[in-house]
1. Any chance the stretch 205-223 includes a residue that's hydroxyl-bearing (Ser, Thr, Tyr), open to solvent by 60 Å² or more (accessible area, probe 1.4 Å) and on the phi < 0 side of the Ramachandran plot?
2. Taking the stretch 186-195, which residues are part of a helix (DSSP H, G or I), open to solvent by 50 Å² or more (accessible area, probe 1.4 Å) and over 21 Å from VAL175 (Cβ atoms)?
3. List, please: which pairs have Cβ atoms under 6 Å, are six or more places apart or on different chains, and start with a residue in the stretch 216-227 that is in a helix (DSSP H, G or I) and end with one that is at pLDDT below 90?
4. Considering only residues that are surrounded by 14 or more Cβ atoms within 10 Å (Cβ to Cβ) and at pLDDT 90 or above, which ones fall in the stretch 18-27?
5. Please count how many residues of the stretch 48-65 are surrounded by 13 or more Cβ atoms within 10 Å (Cβ to Cβ) and within 27 Å of the chain's Cα centre (by Cα).
6. Within the bounds of the stretch 69-88, is there any residue that is closer than 30 Å to PRO258 by Cα and modelled with pLDDT of 90 or more?
7. Identify all residues within the stretch 281-339 that are surrounded by fewer than 22 Cβ atoms within 10 Å (Cβ to Cβ), of a type in the set (Ser, Thr, Tyr) and within 30 Å of ARG12 (Cα to Cα); write none if there are none.
8. From the list ILE198, ILE265, ILE251, which one is closer than 25 Å to VAL175 by Cα and in a helix (DSSP H, G or I)?
Amino acid sequence: MMARSESILHKRIRKFKSMKRGYYSFIILFSLYILSFFNPLFINNKALIVKYNNEYFFPILSFHAATTFDQDSFGEADYRKLDAQFEIDNSDNWVLMPIYPYHPNESLMSELDGQPPHAPSSEHWLGTDNRARDVFARMIYGFNIAISFGIVVTTISYLIGVIIGGILGYFGGKVDIFGQRFIEIFAAIPFLYMMIIISSVLQPNFYLLVGIMACFNWVGMTYYTRGEFYREKAKDYVSAAVSMGANNRRIMFKHILPNALTPIITFAPFALMANISSLVSLDFLGFGLAPPTPSWGEIVNQGISDIRYWWLILSPMGASFFTLLLITFIGEGVREAFDPRVYSRLR
């Protein structure tokens, strides 16, 4: 019985898995990112379930006023105090709180002694910031924002860059000449100055920053895609497709693009790493996400203002280092998987 041939994709996946640190880094980062979407179930000041007077409430899904549980306060119930009260009363009422019962935007000024920032403790694992907000909760929520930002910006900028680079490389001639001149002029626009101007007029948010970053980040990918299209369009399979009457769109995206994906996929992890670093840098400079959005860069900025609060520096810097290190290992594994040479990486 003849052995089944292995596709190129399966060979690349197998080769990627052989790069243990890249493969395990992908598993770790992917798992942490998926778990981060369930942050409200693990890190939150809202109870998951409350049993009160033989009734069940689900605060994680809906709002419940403090008066619902006979608390002497306005607004939403304080579930940590409610949990402590039920334990003192020793009644049938109970509260099921998340594992880490603090919200990233919640000020704990009234609960903690002294002036913030507070040092790490058994209750607040990474201490609090200058507004008495729990740093660990802000770090975990900030991780999801940072990775999501990097993925969305990388995807949009790659789509734009691949389409424009493909058009320039496939048609060539005047299209390529005028397109390249436009890209050169656009690339000369200083990104930081544009961010300062836009931030002075508009309040930055996640979607605005994604749009701005994507508008500036597509330029680099056009060069790689343009070069690949120039190389591929001269091959025989493209001439065969033209002779069979295939239109330009089909030739570009059905025939040439799959054979030009190697540099695009290889550089994707490093583009993701650069976009995450850009967000952290913008938040550090004050041109990033608006407060009180959890942000690694904003926490670093607080720590730099007074180095006595070392946990405000080490926590976000350590998280950034760990995340970017994992992405670097993933990028190394992807590059190795798409490289036809064996053992081409540095050892």
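The values are calculated or read from the model by the stated rules, or taken from the named source; none is laboratory data. Keep in mind that this is a model prediction, so the values were computed, not measured. All Cβ positions, even for glycine, are placed from backbone atoms using ideal geometry, and neighbour counts span all protein chains on display. All accessible areas refer to the heavy atoms of the entire protein, side chains included, with ligands and DNA or RNA removed. Shrake-Rupley method; radii C 1.70, N 1.55, O 1.52, S 1.80 Å.
1. First, pick out the residues of the stretch 205-223 that are hydroxyl-bearing (Ser, Thr, Tyr): 207, 222-223.
Filter again for open to solvent by 60 Å² or more (accessible area, probe 1.4 Å), leaving 207, 223.
Remaining after also requiring on the phi < 0 side of the Ramachandran plot: 207, 223.
Yes, there is a match, as at least one residue in the stretch 205-223 is hydroxyl-bearing (Ser, Thr, Tyr), open to solvent by 60 Å² or more (accessible area, probe 1.4 Å) and on the phi < 0 side of the Ramachandran plot.
2. PHE191, LEU192, TYR193, MET194
3. From the stretch 216-227, the pairs are PHE216/PHE191; VAL219/ALA187; TYR224/PRO263.
4. If we filter the stretch 18-27 for residues that are surrounded by 14 or more Cβ atoms within 10 Å (Cβ to Cβ), which is where we start, we get 19, 21-26.
Within the stretch 18-27, ARG21, GLY22, TYR23, TYR24, SER25, PHE26 meet the criteria.
5. Residues flagged as surrounded by 13 or more Cβ atoms within 10 Å (Cβ to Cβ) and within 27 Å of the chain's Cα centre (by Cα) within the stretch 48-65 amount to 2.
6. Of the residues in the stretch 69-88, the ones closer than 30 Å to PRO258 by Cα are none.
Within the stretch 69-88, not a single residue is closer than 30 Å to PRO258 by Cα and modelled with pLDDT of 90 or more.
7. Within the stretch 281-339, SER320, THR328 meet the criteria.
8. Values: ILE198 fails: closer than 25 Å to VAL175 by Cα; ILE265 fails: closer than 25 Å to VAL175 by Cα.
Every option except ILE251 fails the conditions.
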